[in-house]
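The values are calculated or read from the model by the stated rules, or taken from the named source; none is laboratory data. This one's a predicted model, so the numbers in the text were calculated from it and none came from an experiment. Cβ atoms come from the backbone with ideal geometry, glycine included; neighbour counts cover every protein chain shown. Each accessible area value is taken on the protein alone, full model and side chains, heavy atoms only, with ligands, DNA and RNA left out. Shrake-Rupley method; radii C 1.70, N 1.55, O 1.52, S 1.80 Å.
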Amino acid sequence: MSRTSEPRIAIVGGGIGGLVLAGLLHRYGIAAMLHERDTGLDARAHGGSLDLHPESGQRALDELGLSDGFRADARPEGEDLRILDPAGKVLGRHAPEPGEGTRPEIDRGSLRRLLLSKVPDTAIGWGRHVTGVQPLATGGHRLTFADGTQTHCDILIGADGGRSRIRPLLTDARPVHLSAYLQLTITDADRRRPRVAQFVGPGSLMALGNNINLGAQRSGDGTIRVSVTVRTDADWIGRQRFHDEDRAGIVVRLHDMFADWDPELTAMIDACDPGSLVARNIEALPVGTRWSSRPDVTLLGDAAHLMPPVGEGANQAMLDGVMLARAIAEHADDPAAAIAAYETEMFERTAAIAAGSARIERMGLAPDAAERMAAFFA
């Protein structure tokens with residue numbers, strides 16, 4: 001692809017998938033501009049840790065030349081997973097022997113920092129919140145940002161998450177509600193809450209039953225994130241008005257949700273930091289969402305195939321970045337062919353994975369979830 005004929009490529013969204021794509025395009029010598037609404041890498045909390053799979057997330061890191069950096073930051077012990085019932089009985093455990101695990105955990109912030117190291121400073125615009133997208137009669141699009149500035153591109157790639165502003169250019173598909181999710185945080189857990197930290201262990205646990213689950217996940221910085229997932233309607237969080245409660249009130253209400261559960265499980269709620277509650281709805285795009293290919297716009301990651309958070313979303317976003325970058329490089333003179341080739345592979349791959357993720361999500365909130373999940377991992 002010559003510099004005189006190279007199309008202007010705009011990537012909207014600087015999450016994990018967008019960063020993989022931007023880094024690989026740069027590695028292939030293809031110019032692209034990434035627009036991210038956050039003002040910087042640490043403008044907001046990054047969330048918990050991720051287990052990266054060899055065939056997807058780890059593959060992307062290898063193609064970017066980041067395998068050594070990943071191994072330095074990853075936590076093999078993070079693969080440790082226990083599945084408990086409400087009585088606190090351990091029904092299943094996944095704990096690979098040292099050196100035998102294949103899916104080590106890495107904190108999301110550390111992963112984004114690694115990926116960002118492969119994107120030139122001049123190829124990313126921070127604080128670029130897209131507020132409008134207008135298709136142009138001659139092809140391509142005009143992007144308008146919150147500060148009133150605009151830019152034009154020949155190829156537009158939406159890597160902007162489940163609530164993508166780019167998706168409506170291609171499909172009317174919208175995310176559907178699945179469940180409600182509450183997260184609380186225990187910072188510096190080993191020092192401040194040693195008993196709870198020891199109970200959680202080096203990785204994560206899931207206590208499941210009665211259409212609700214209580215989980216905990218350790219991060220590399222010593223933080224433990226405690227989560228509550230409830231099968232309920234989309235308005236449930238709004239009705240709870242958790243923001244009107246102080247810490248003591250929230251703890252009482254959460255204990256009411258887990259009446260008769262093992263005290264060692266509910267002790268994780270008592271240990272959480274004041275003011276750390278974050279509430280959101282879990283959504284997913286309909287399984288098999290696809291669209292008619294267009295020569296100047298496509299999607300990757302959650303924008304294309306938002307799935308329940310059961311371990312595949314980030315990995316598939318990273319693999320999307322690999323496959324789209326490769327398609328653009330292989331079809332340097334034909335962007336339409338590049339996008340069509342990428343979408344054909346991506347639709348087939350992610351439909352099966354999304355269907356499996358949906359089954360796991362339903363399993364995790366079933367009345368007999370603990371038994372079913374333990375059997376699944378066994």
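Okay, here's what the table says:
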| item | result |
| --- | --- |
| Filtered residue count, segment 321-346, keeping only those that are without any contact (Cβ under 8 Å) to a residue 60 or more places away in the chain and open to solvent by 20 Å² or more (accessible area, probe 1.4 Å) | 10 |
| Some residue of segment 299-317 being at positive phi, open to solvent by 20 Å² or more (accessible area, probe 1.4 Å) and more than 17 Å from the chain's Cα centre (by Cα) | no |
| Segment 175-192, subset assigned to a strand (DSSP E or B) and of a type in the set (Val, Ile, Thr), residue surrounded by the most Cβ atoms within 10 Å (Cβ to Cβ) | 186 |
| Looking only at segment 134-143, and only at residues there that are open to solvent by less than 40 Å² (accessible area, probe 1.4 Å) and either in a strand (DSSP E or B) or of a type in the set (Phe, Trp, Tyr) (or both), the one that is nearest to residue 297 (Cα to Cα) | 141 |
| Verdict on residue 259 being closer than 30 Å to residue 298 by Cα and out of contact with any Cys (no Cβ under 9 Å at 6 or more places or on another chain) | no |
| Tally of residues being in contact (Cβ under 8 Å) with a residue 40 or more places away in the chain and either open to solvent by less than 90 Å² (accessible area, probe 1.4 Å) or closer than 18 Å to residue 284 by Cβ (or both) across segment 362-378 | 9 |
| Conditions (1) more than 23 Å from the chain's Cα centre (by Cα); (2) crowded, with 16+ Cβ neighbours inside 10 Å; (3) at pLDDT 95 or above; number of the one not met by residue 264 | (2) |
| Within segment 251-260, considering residues that are in contact (Cβ under 8 Å) with a residue 40 or more places away in the chain and surrounded by 11 or more Cβ atoms within 10 Å (Cβ to Cβ), the one nearest to residue 84 (Cα to Cα) | 258 |
| Strands (runs of 3 or more DSSP E) lying entirely in segment 1-55 (those with 2 or more residues that are more than 30 Å from residue 135 (Cβ to Cβ)) | 49-51 |
| Flag if residue 59 is modelled with pLDDT under 95, touching a Leu at 6+ places or on another chain (Cβ under 9 Å) and open to solvent by 40 Å² or more (accessible area, probe 1.4 Å) | no |
| Every residue from segment 224-250 that is more than 26 Å from residue 189 (Cβ to Cβ) and either touching a residue at least 12 places away in the same chain (Cβ under 8 Å) or charged (D, E, K, R) (or both) | 231, 232, 233, 234, 235, 236, 239, 241, 244 |
